[in-house]
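The values are calculated or read from the model by the stated rules, or taken from the named source; none is laboratory data. What you see is a predicted model, and the numbers here were worked out from it, not measured in a lab. Note: ideal-geometry Cβ built from the backbone for every residue, glycine included; neighbour counts use all protein chains shown.
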Amino acid sequence: MGILDREHSVAGPGWSRWLVPPAALALHLSIGQIYAYSVFNKPLSRLVSGDVKADAGAPGDWSLFQVGLIFSVALFFLGASSALFGKWVEREGPRKTMFASALLFCGGFFIAALGVKLHSLPILILGNGVVGGIGLGLGYISPVSTLIKWFPDRPGLATGMAIMGFGGGALIGSPLGTALMKTYGADGTLGVGSTFLIMGVVYFLLMMFAAFLVRVPAEGWSPAGWTPKANAAGSMISSHNVLVDQAFRTPQFWLLFAVLFLNVTAGIGVLGQASVMIQEMFSDKVLGAGNGVTAAAAAGFVGLLSIFNMAGRFIWSTTSDRIGRKPTYMVFFALGAVLYFLIPLFGNMASLILFVLGFCVIISMYGGGFATVPAYLRDLFGTANVGAIHGRLLLAWAAAAIVGPSLVNGFRDSQIKSGIPAAQAYSTTMYIMAALLVIGFVANMLIRPVVERYWAETPTGTPAAADD
């Protein structure tokens with residue numbers, strides 16, 4: 001298995017760096033399937049009754065809440081494994097990490113298929129949640145450091161191309177899963193067990209393509225004709241490296257942790273409740289009998305948000321190469337806060353078009369935040385440990401995945417219980433989201449260049465001053 005070692009994946013002379021983004025994109029499109037996991041929720045909750053169209057399951061069927069735990073567990077282990085294995089990823093390189101990610105992510109499908117066959121929720125959670133979630137974390141961070149080293153001149157564009165795939169994974173995973181379940185619906189598991197097995201194989205092959213295509217640059221390589229710009233005092237782009245354990249001690253890391261946490265919290269809660277929200281805010285009671293948003297139209301809205309989530313990852317991260325990472329996040333928080341504040345007004349105006357446009361922009365910035373943060377880390381901490389630092393920062397995502405949906409769902413339920421109509425039950429939540437983004441704006445404004453005492457070495461290679 002020596003072919004997986006870093007030294008066996010060093011690019012030779014003339015190898016094109018533009019082959020790395022397709023490899024990273026293939027990997028992220030595969031693991032991005034997790035965003036489409038909801039297509040399995042209803043069939044999984046009807047395995048005993050065998051009738052996916054039934055309003056209620058038979059005795060012994062799992063509830064939607066129980067099935068929903070799989071997604072939450074997977075995202076938790078994505079963040080936890082990214083933080084735990086970040087140093088290992090940096091040391092072993094992208095090929096071995098991508099290979100491990102493929103084994104775990106796709107192996108999780110095979111374990112989950114056994115859980116479906118035995119109707120065992122713990123085995124199902126172990127497969128797609130724990131094992132698959134660890135594969136998600138390794139896969140998510142594996143190409144980041146490599147891309148930044150290949151594209152020192154355009155780090156935002158490079159990471160945006162890859163992380164765009166994670167946001168767009170549902171565009172492949174959702175129709176693929178639906179089509180396979182329909183084809184193998186007579187397998188005794190409503191097609192879920194067979195679908196898991198086939199998807200495990202398909203994604204494994206795609207991820208193997210990524211693992212053996214990827215290369216790391218040779219020591220000292222740089223793009224032809226490119227020379228690093230001399231950074232003025234106070235520049236946000238550092239010419240020094242900060243190692244992961246030192247980065248963890250800097251105020252910049254924790255401010256950026258807050259920035260990512262607040263941006264994700266504001267977006268992920270909406271993504272999880274988008275279908276129900278648009279149907280309740282623009283129901284027949286609001287728009288008139290027969291004019292309300294149907295379930296099919298709401299599904300189209302969710303699909304539109306997925307497209308903007310994916311596109312935003314590329315567009316905003318590329319924009320950050322031109323205007324800088326800090327100004328890009330200033331736009332995210334300032335514009336996002338205004339839009340969240342206006343959403344209740346759009347609802348009161350019964351303006352469906354403004355509502356949809358507002359949330360499309362919000363979700364584009366949610367996706368853009370994910371894709372821009374690796375380049376932000378590179379600017380602040382250098383390239384030496386950027387993958388490991390990124391892994392630790394993703395704990396903010398794991399926390400936001402719990403807080404965001406809880407805020408949206410919790411306030412909605414409490415508002416409805418207090419007698420407020422469903423169409424108006426989201427107003428308080430939107431104002432809270434706006435306030436969170438204002439806090440994020442302040443946190444981003446406070447980020448300054450990392451001071452010298454945290455540097456691993458000076459540009460000439462002389463050891464930096466030791467920490468206090």
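Could you tell me which of the residues Trp254, Trp221 is at pLDDT 95 or above and aromatic (Phe, Trp, Tyr)?
When all the criteria are applied, what remains is Trp254.
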Discussion item. Would you confirm, using the coordinates I've provided, whether Leu304 is on the phi < 0 side of the Ramachandran plot, part of a helix (DSSP H, G or I), surrounded by fewer than 24 Cβ atoms within 10 Å (Cβ to Cβ) and among the aliphatic types (A, V, I, L, M)?
Written reply: yes
Worksheet item: Given the structure, is Leu29 at negative phi and either in contact with a Leu (Cβ under 9 Å, 6 or more places away or on another chain) or not assigned by TED's automatic domain parsing to the domain that holds Ala112 (or both)?
Response: yes
Item to complete: Would you check if there is a residue in segment 214-226 being on the phi > 0 side of the Ramachandran plot and more than 24 Å from the chain's Cα centre (by Cα)?
Response: yes
Worksheet item: Is there any pair with a first residue in segment 173-196 that is among the basic types (Lys, Arg) and a second that is buried (at least 18 other Cβ atoms within 10 Å of the Cβ) whose Cβ atoms are under 7 Å apart and which are 6 or more apart or on different chains, and what are they?
Response: Lys182/Gly191
Discussion item. Being of a type in the set (S, T, N, Q) and closer than 16 Å to Leu47 by Cβ is the filter here; which residues of segment 167-201 pass it?
Written reply: Thr189, Ser194, Thr195
Worksheet entry | Among the candidates Ala162, Ala247, residue that is in contact with a helix residue (DSSP H, G or I) (Cβ under 6 Å, 6 or more places away or on another chain), crowded, with 24+ Cβ neighbours inside 10 Å and over 30 Å from Ile307 (Cβ atoms) | Ala247
Discussion item. Being over 27 Å from Leu171 (Cα atoms), crowded, with 22+ Cβ neighbours inside 10 Å, touching a residue at least 24 places away in the same chain (Cβ under 8 Å) and not assigned by TED's automatic domain parsing to the domain that holds Phe257 is the requirement here; does Val116 meet it?
Written reply: no
Worksheet item: Glu7 fails exactly one of the following numbered conditions: (1) in the same structural domain as Tyr140 (by TED's automatic domain parsing); (2) without any contact (Cβ under 8 Å) to a residue 12 or more places away in the chain; (3) part of a helix (DSSP H, G or I). What is the number of that condition?
Response: (1)
Fill in: Options Gly188, Gly193; residue that is part of a loop (DSSP other than H, G, I, E, B), under 19 Å from Leu124 (Cβ atoms) and of a type outside the set (A, V, I, L, M)
Gly188
Worksheet entry | Among the candidates Gln66, Gln33, residue that is surrounded by 19 or more Cβ atoms within 10 Å (Cβ to Cβ), among the polar types (S, T, N, Q) and not in a loop (DSSP other than H, G, I, E, B) | Gln33
Worksheet item: Going by the conditions given, is Val403 in contact (Cβ under 8 Å) with a residue 60 or more places away in the chain, of a type in the set (Val, Ile, Thr), buried (at least 23 other Cβ atoms within 10 Å of the Cβ) and within 22 Å of Arg313 (Cβ to Cβ)?
Response: no
Item to complete: Answer yes if at least one residue in segment 344-359 is part of a helix (DSSP H, G or I), assigned by TED's automatic domain parsing to the domain that holds Leu437, within 21 Å of the chain's Cα centre (by Cα) and under 30 Å from Pro152 (Cβ atoms), and no otherwise.
Response: no
Discussion item. Restricting to segment 70-80, name every residue that is at pLDDT 85 or above and surrounded by fewer than 20 Cβ atoms within 10 Å (Cβ to Cβ).
Written reply: Val73, Ala80
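Only one residue in Val89, Val52 is surrounded by 24 or more Cβ atoms within 10 Å (Cβ to Cβ) and either not polar (S, T, N, Q) or not assigned by TED's automatic domain parsing to the domain that holds Ile268 (or both), so which one is that?
The match here is Val89.
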Response to the item:
Within segment 312-337, residues under 30 Å from Thr178 (Cα atoms) and either in contact with a Lys or Arg (Cβ under 8 Å, 6 or more places away or on another chain) or surrounded by 19 or more Cβ atoms within 10 Å (Cβ to Cβ) (or both) come out as Gly312, Arg313, Phe314
Discussion item. Which condition from (1) within 24 Å of Ile125 (Cβ to Cβ); (2) under 29 Å from the mean Cα position of the chain (by Cα); (3) of a type in the set (A, V, I, L, M) is the one that Val10 breaks?
Written reply: (1)
